[in-house]
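Notes follow once the structure below has been shown.
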Amino acid sequence: MDGVTLGYLGFGVRDLEAWAAFAVDVLGLEIVDRRDDGGFSLRMDGHAWRIWIEPGQDDLAFLGWEAADPAALERITSRLRAAGVALSVGDATARGVTELVCCTDPNRVPIELYCGPKMGDAAFVSPHLSSGFVADELGLGHIVLSSLDNSATEQFYTTLLGFVFSDRIKTEIHGFPVNLGFYHSPGSNSRHHTVAFGGRLPKRLHHFMLEVVQFDDVGLAFDRAVRSGVLIAQTLGRHPNDKMFSFYAHTPSGFQFEYGWGGRRIDDSDWSPTTYGQVSEWGHHPPGIIPRVRRKK
Ligand code: FE
């Protein structure tokens, strides 16, 4: 089945200037395409842009899924049409793509399926990173979405968009049950997961993950986040399933970002899903817990 890659993310945000400073100074992205409404786009790899910022209510505004070519896009939209999903033609020019088809997912998130993205005129150079991001043909990173109905969401992303189950994490954190399913795109995108979900969350998006090439760029981003006064959500740690070494912090919109290195790649010919009993092998602590641990000694 044709897979899709995570092509772009659209965020509706209340404080555009806070986002501009955060995206450059903390994430190490480049601002491109300033628009009349105050919005702008962000670049991180060979694509002309990967994150679209527009005025809004501090949540995910739309998700862009990239098909390999027009024929693959047609096969995917045929599956959606056959399943009774309402489709409409989107504004391809505005997004800088050659073809764009819109629908909504079972969580009422606007979905943009497209092919033929515009590429940047020159190589991407981050103002902060010693190297760059692991993106391009692997897509921009991964996302953890809110899911109003896990089986409907799984049905949509697997049987219609072509995702394949990677594994599951089932545990409890501070008394709250966690049951997250992780899904990858088959074929050339070997990223361990591109999308994950496991229940209803306050916003449409729990976090988006950006992966860097150089290990030290995670620590340097952590330092920039601390210096910028960004609220750290989870300290440095490593996940058992995708092996990502990462930290989590809040964006100016309240949903989180994960900044990671060393994410696992999947070879579909040699992969069997597992259920893990912990979210992290070590680390990923909420920072507030540290002084409490020290006081107990
Ligand atoms: Fe993640």
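Here, each number is a calculation from the coordinates, and none is a lab measurement. Please read all numbers here as calculations on a predicted model, not as lab measurements. As a convention, Cβ positions derive from the backbone with ideal geometry for all residues, glycine included, and neighbour counts pool all protein chains shown.
Shape call for segment 118-161 from the C-alpha gyration tensor, a ≥ b ≥ c root eigenvalues: rounded (a/c under 1.5), prolate (a/b greater than b/c) or oblate?
Judged from the Cα gyration tensor, segment 118-161 comes out prolate (a/c at least 1.5, a/b above b/c).
What ranking of Trp52, Trp271 emerges when the number of other C-beta atoms within 10 Å of each C-beta is taken as an exposure proxy, fewest first?
Trp271, Trp52
What are the membrane-span-like helices in the chain by this rule: whole DSSP H runs, Cα extent along the axis at least 15 Å, mean Kyte-Doolittle hydropathy at least -0.5?
70-82, 216-227
Taking N as the number of residues in segment 19-62, what value does Rg over Cα atoms divided by 2.2 N^0.38 Å take?
1.10
By average Cβ neighbour count within 10 Å, what is the ranking of 17-26, 147-156, 185-194 from highest down?
Taking the mean over residues of other Cβ atoms within 10 Å, the ranking is 185-194, 17-26, 147-156.
Taking the beta-carbon count within 10 Å as an exposure proxy, list Lys118, Lys243 from fewest neighbours to most.
In increasing order of surrounding Cβ atoms, one gets Lys118, Lys243.
Quick one: dipole size for the chain, taken about the Cα centre, charges +1 on Lys/Arg Cβ and -1 on Asp/Glu Cβ, in debye to the nearest 20.
Roughly 1300 debye, rounded to the nearest 20.
With a cut-off of 14 Å, note down the residues of segment 197-214 whose backbone N falls inside the zone around a label point 7 Å from the Cα of Ala122 toward its beta carbon.
The answer is none.
Rounded to the nearest 0.05, what FRET efficiency is calculated for Asp149 and Leu231 with R0 set to 30 Å and r the Cβ-Cβ distance?
With a Förster radius of 30 Å, E is 0.50.
Which order results if Ile266, Ile143 are arranged by neighbouring Cβ count within 10 Å, fewest first?
Arranged by neighbour count, lowest to highest, Ile266, Ile143 become Ile266, Ile143.
Using +1 on the beta carbon of Lys and Arg, -1 on that of Asp and Glu, and nothing else charged, what's the dipole of segment 109-259 about the Cα centre, debye to 20?
Around 340 debye, computed over segment 109-259.
Which of the listed residues, Ala61, Gly38, Ala225, is farthest toward the dipole's positive end in the chain, when Lys, Arg count +1 and Asp, Glu count -1 at the beta-carbon?
Of the listed residues, the answer is Ala225.
Once phi is turned into ³J(HN,Hα) by the Karplus curve 6.51 cos²θ - 1.76 cosθ + 1.60 with θ = phi - 60°, what whole-Hz value does each residue of segment 46-58 show in order, with x for glycine and proline?
x, 5, 4, 7, 10, 10, 10, 10, 9, x, x, 10, 6
Computed on alpha carbon atoms, what radius of gyration and Dmax characterise segment 106-189, expressed in Å?
That works out to 16.6, 50 Å for Rg and Dmax.
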